Amino acid sequence: MAGGGSAFSKVLVANRGEIAVRILRTARDMGYATVAVFSEADRDAVHVRAADEAVCIGPPPAVESYLRIDRIVDAARRAGADAVHPGYGFLSENAEFAERCEEAGIRFVGPPPAAIRAMGDKARAKRMMAEAGVPVIPGYHGGEQDDAALIREANRIGFPLLVKAAAGGGGRGMRSATDPCELPSLLASARVEARNAFGSGDLLIEKRIDRARHVEVQVFADARGNAVHLGERDCSAQRRHQKIVEEAPSPAVDPDLRERIGAAAVAAARAAGYVGAGTVEFLLGPDGEFWFMEMNTRLQVEHPVTEMATGLDLVAWQFDVAAGEPLPLRQEDVVLRGHAIEARLYAEDPYEGFLPQSGRVLLWRPWSAAGVRIDSGIAEGQDVPSHYDPLLAKIVAHGPDREGARRRLLRAVERSVLLGLVTNRGFLAALLRDPEFVAGRMTTDYVDGLLARGEIRRPDPTAPAWAVAAVLRSVPPSSTPDPWRNAGDASWPVTLEGPGGARELRVTSRGNGRWVVEGAGAEPVAVAVGAVVGGEVRCEVDGVCRTVRFAADAERLHLHLDGADAAFAEPRPAAPSARDGAADGRVAAPIGGQVLAVPVREGERVARGQCVAVIEAMKMEHGVAAPRDGVVRRIAVSPGDQVAARQALMVVEQVR
């Protein structure tokens, strides 16, 4: 490709985090000057430092910064940027944003506004695809939106079925219905979530395809009428309808199916008048039939697996197509080599309903090895706020075949260290070891089923982890000789609280940096600790040398040992629980975020488990339940308020 010619010279990236860093990298490599935008919460973020220039666009909430079209266009004008790349999420699929950029004389690195509008309305898109001969899931995509019409259509389609937001995706506004009796309440809740997320409460209904795979096809089109597909990705490993592991190519797609599903994807792009990078998403049934779900008019989170399997830079293609260049390859020139798998590292607790987490990154050591790529937008000392998506990094591995890629990815996930806040890293490793994933048989409902059946549980710290934590917590390691004594033994108790509860341990010094810890396991554990170098310490545990990564904050010692993370603290009086409620009935926020709704009033009787507040954090809604039967007293928040984790929301007073 010609590298963009003279169509534009300075690119503003209207995004944040790892995708902003990734786009800035290619823009720099292609010789473009770069501009970042940031909210006040992201002033010291990695993507801000990665750009030549940066402009603050508002307060932390996305609706006041990253979703403000006027502020981003103004930032481009002030910085002299003549192109905008939207990344994904935020305004990437907003036709008005694309139009406003073009009106300001700024090249939008994405599809035409008409294509964004056509594919953004999921109901209209499905009608368009059906007319183009692309297989579409049986359902209702019409304009009648009252409950009676939707219930009538649902009964015609048959159960089980899915209720979806017509104006957006990502699992928001999606509900699964197996019984007609539950449909009215599901329609109501789906409308509220869809309206809050996308500004429209319109819904569509589809037949639910069980035991299906989520297979999507990467398409590219230029302004000269050329269109190709770059193979498919399998995104079946999902939690709560959101992807966590993706791979290319799909283990369920053979060459014949690849040709057919690829041709359908290209037909979809042509029907939409598409230009640029897009993804056509399909459901692949157990019988080998596939159906169109939606088209994402942007770069996907999982685009690195396509890049690693094809050897292409999709962001470079985006820039060149936006500059008016033709596609560099014909369909017959596209070749898939080997296999690539990506795992998404999230700030979330998989064992608490994937509840998003916030906090400070105390230690970040991504694993480096042949065939491994890690895209991240985090750095040590950075705060992970509750205002945005909890995606921290993408760990990607390529191998000559699927098993080679899986093995490399598992090693990279196990050895990448992020301490300071809870992540899904351990869960990802367990999933990559799961027999169904190893065999390539993953379906869209598998991950949620694993947790529901209790087949993947929060791992307890090992005896070596307890022992090393006891030593590091009570005797900070150093390069100096053991300060306790060189002759005889000194012994002291250590009480630590870790995952699974508290333990009483006893540490005994043997001199010269050696200790014995009792209570960590069935037998005493011998520990020798060396010098600390940059958050790492070499330990000998029961005669085996290991590298331990650790970091400490005011409350906890965070430890990474043998591929597992754990945080240990000295016990203190129990704090009120946001999940179960305190003894006095205090209801606390489980996470920091914005209060969306308080569906109860002071003086109202509530039942234990009833939703009394809804908080939005990291693009997800979280219901807060009453801790017991009682009467609501002293409501301390209102919709629109920002709250911190564990902040009091109200009190539910017990009725005697």
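Can you tell me how much longer the chain between GLU103 and GLN647 gets when fully stretched, taken as 0.36 nm per residue apart minus their C-alpha distance, in nm with one decimal?
That works out to 191.4 nm of additional length.
List the lysines whose Cα lies under 18 Å from the Cα of LYS122, skipping any in the same chain that are fewer than 8 positions away.
LYS164, LYS207
Grab the Cα-Cα distance for GLU497 and ARG601, subtract it from 0.36 nm times how many residues apart they are, and report the gain in nm with one decimal.
Working: separation 104, 0.36 × 104 = 37.44 nm, distance 3.79 nm.
Gain in length upon complete extension: 33.6 nm.
Can you pull a Stokes-Einstein diffusion coefficient for the chain at 25 °C (0.890 mPa s), Rh from Kirkwood over Cα pairs, as a whole number of µm²/s?
Numbers: Rh = 26.7 Å.
Roughly 92 µm²/s, to the nearest whole number.
Which one, LEU505, ILE244, GLY603, projects farthest toward the positive side of the charge dipole computed for the chain from Cβ point charges (K/R +1, D/E -1)?
Sorting the options by dipole projection puts first LEU505.
On alpha-carbon atoms, Rg over Rh for the range 62-170 using Kirkwood Rh?
1.11
ARG458 versus ALA526, label points 7 Å from Cα toward the beta carbon: distance in nm?
3.4
Note the angle between two axes, namely the Cα long axis of helix 255-271 and the longest principal axis of the Cα atoms of the chain, as a number of degrees from 0 to 90, rounded to the nearest 10.
Here the helix axis deviates by roughly 60 degrees.
Grab the Cα-Cα distance for ASP29 and ARG514, subtract it from 0.36 nm times how many residues apart they are, and report the gain in nm with one decimal.
Net length gain for the segment: 169.5 nm.
Rounded to the nearest 20 debye, what is the charge dipole size of the chain about its Cα centre when +1 sits on each Lys and Arg Cβ and -1 on each Asp and Glu Cβ? Intermediate results must be reported in sequence, preceding the final value.
Numbers: 79 positive and 88 negative charges, 154 e Å.
Computed about the Cα centre, the dipole is about 740 debye.
On a 0 to 90 degree scale, rounded to 10, what angle separates helix 69-79 from the longest Cα axis of the chain?
80
Considering the options TRP466, GLY381, PHE220, tell which one lies farthest towards the positive end of the dipole of the chain, charges being +1 on Lys and Arg and -1 on Asp and Glu at the Cβ, about the Cα centre.
TRP466
What Kirkwood Rh does the range 206-330 have if only Cα atoms enter the pairwise 1/r average? Answer in Å.
Mean inverse Cα-Cα distance, inverted, gives 14.7 Å.
Give me the angle, in degrees from 0 to 90, between the Cα long axis of helix 147-157 and the longest principal axis of the Cα atoms of the chain, rounded to the nearest 10.
Once rounded, one gets 90 degrees.
Report GLU403's accessible area, 1.4 Å probe, all protein chains in place, as a number in Å² to the nearest 10.
70
The values are calculated or read from the model by the stated rules, or taken from the named source; none is laboratory data. Values in this document were obtained by computation on a predicted structure and should not be read as measured data. Note that each Cβ is placed from the backbone with ideal geometry, even for glycine, and that neighbours are counted across all protein chains shown. Accessible surface areas use protein heavy atoms only, side chains included; no ligands, DNA or RNA. Shrake-Rupley method; radii C 1.70, N 1.55, O 1.52, S 1.80 Å.
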